[in-house]
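First up is the structure itself, then whatever we jot down about it.
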Amino acid sequence: MLTDPDPDPDRDSAPARAWLAAAVTDATARAPAWEAHFASAGRHCGHDHADTARLRLLTAARAEPATLTRLYRQGSSAERRAVLLALPALVPGPEALPLVEDALRTHDTTLLAAALGPYAARHLPAHLWRHAVLKCLFTAVPVDTVAGLARRAAGDTELARMLRDHAAERTAAGRAVPADLHRVLALTEES
């Protein structure tokens with residue numbers, strides 16, 4: 001994922017590759033321009049490949065939690081998503097959890113999905129993780145995006161209770177119960 005050699009094969013890729021090579025050089029040297037490159041990656045590499053380009057820049061710059069936090073706080077939704085996707089590779093400990101928690105409070109489903117990657121699987125406390133899984137069900141984010149779902153859900157009686165309560169509320173209101181709910185509920189019964 002971090003080594004996509006062709007940022008956007010659907011457009012003239014030679015300029016995109018040249019731009020990305022120069023941007024990665026700046027990021028590696030931690031030249032002041034690298035953060036501007038991070039912000040403009042979508043324009044140069046295409047929106048479909050902006051995450052990959054941004055991840056390469058963050059990795060090349062060896063971005064530390066303070067830099068990641070600044071980029072996240074000042075960034076667009078796409079830039080925030082890239083920061084969240086980079087956390088597992090750049091932050092070994094829980095110090096970036098406030099970024100994940102912020103993303104879980106948004107109504108942006110792309111941020112919610114990115115926040116529930118491998119970093120959250122390792123560091124998000126159980127209570128917050130359970131509520132994030134429920135939020136996926138409320139917002140129709142596929143639970144397949146939740147990294148470590150089977151491992152964390154296995155034997156989680158509190159998650160099972162929350163899922164049953166949610167299903168009962170939806171049924172009482174005459175609303176459909178999401179199919180993913182039954183899938184996650186089945187995972188809680190495994191040990």
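The values are calculated or read from the model by the stated rules, or taken from the named source; none is laboratory data. Please read these numbers as outputs of a predicted model, since none were measured by experiment. Here Cβ is always computed from backbone atoms with ideal geometry, including for glycine, and neighbour counts include all displayed protein chains. These accessible areas exclude ligands, DNA and RNA; they are computed on the full protein's heavy atoms, side chains included. Shrake-Rupley method; radii C 1.70, N 1.55, O 1.52, S 1.80 Å.
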Item to complete: Take the chain, connect every pair of alpha-carbon atoms lying under 10 Å apart with a spring to form a Gaussian network, then pick out the residue of H44, H166, H127 with the largest mean-square fluctuation.
Response: H127
Worksheet item: What's the center-to-center distance, using Cα atoms, between region 124-191 and region 55-118 in Å?
Response: 24
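Write down the accessible area per residue of the chain in Å², having rolled a 1.4 Å probe over the full set of protein chains. Write out the running numbers ahead of the final one.
Values: 9320 Å² over 191 residues.
For the chain, the per-residue accessible area is 49 Å².
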Worksheet item: Hey, quick one: spin label on H182, modelled 7 Å out along Cα-Cβ, who in region 128-143 has an amide N within reach, i.e. under 20 Å?
Response: 134-143
Worksheet item: If ligands, DNA and RNA are left out, what is the accessible area of E189 with a 1.4 Å probe, given in Å² to the nearest 10?
Response: 130
Worksheet item: Calculated from the structure, Cα extents along the principal axes in Å equals which of [x] 56, 35, 28; [y] 71, 30, 27; [z] 62, 39, 30?
Response: [x]
Worksheet item: So what are the ³J(HN,Hα) numbers for region 74-91, from phi and the Karplus equation (6.51, -1.76, 1.60; θ = phi - 60°), rounded to whole Hz, Gly and Pro as x?
Response: 8, x, 6, 4, 5, 5, 4, 4, 4, 4, 4, 5, 7, 3, x, 7, 10, 10
Item to complete: Return the sequence-ordered ³J(HN,Hα) values of region 32-40 in whole Hz as given by the Karplus equation 6.51 cos²θ - 1.76 cosθ + 1.60 applied to θ = phi - 60°, using x for Gly and Pro.
Response: x, 6, 4, 5, 5, 4, 4, 5, 9
Response to the item:
SASA check, S191, accessible area w/ 1.4 Å probe, all protein chains in place, rounded to nearest 10 Å², comes out at 150
Worksheet item: For E190 and A121 in the same chain, what is the full-extension length gain: residue separation times 0.36 nm, less their Cα-Cα distance, in nm?
Response: 23.1 nm
Worksheet item: Which ³J(HN,Hα) values, rounded to whole Hz and listed in residue order, are derived for region 145-156 from phi using the Karplus coefficients 6.51, -1.76 and 1.60 in 6.51 cos²θ - 1.76 cosθ + 1.60 with θ = phi - 60°, glycine and proline given as x?
Response: 7, 7, 5, x, 4, 4, 5, 6, 7, 4, x, 7
Worksheet, complete the sentence: When the chain is treated as a Gaussian network with springs between alpha carbons less than 10 Å apart, the largest mean-square fluctuation among A132, A153, A31 is found at A31
Worksheet, complete the sentence: Rounded to the nearest 10 Å², the 1.4 Å probe accessible area of F138 is 130
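Roughly how big is the chain's charge dipole about its Cα centre, with Cβ charges of +1 (Lys, Arg) and -1 (Asp, Glu), in debye to the nearest 20?
Around 320 debye, computed over the chain.
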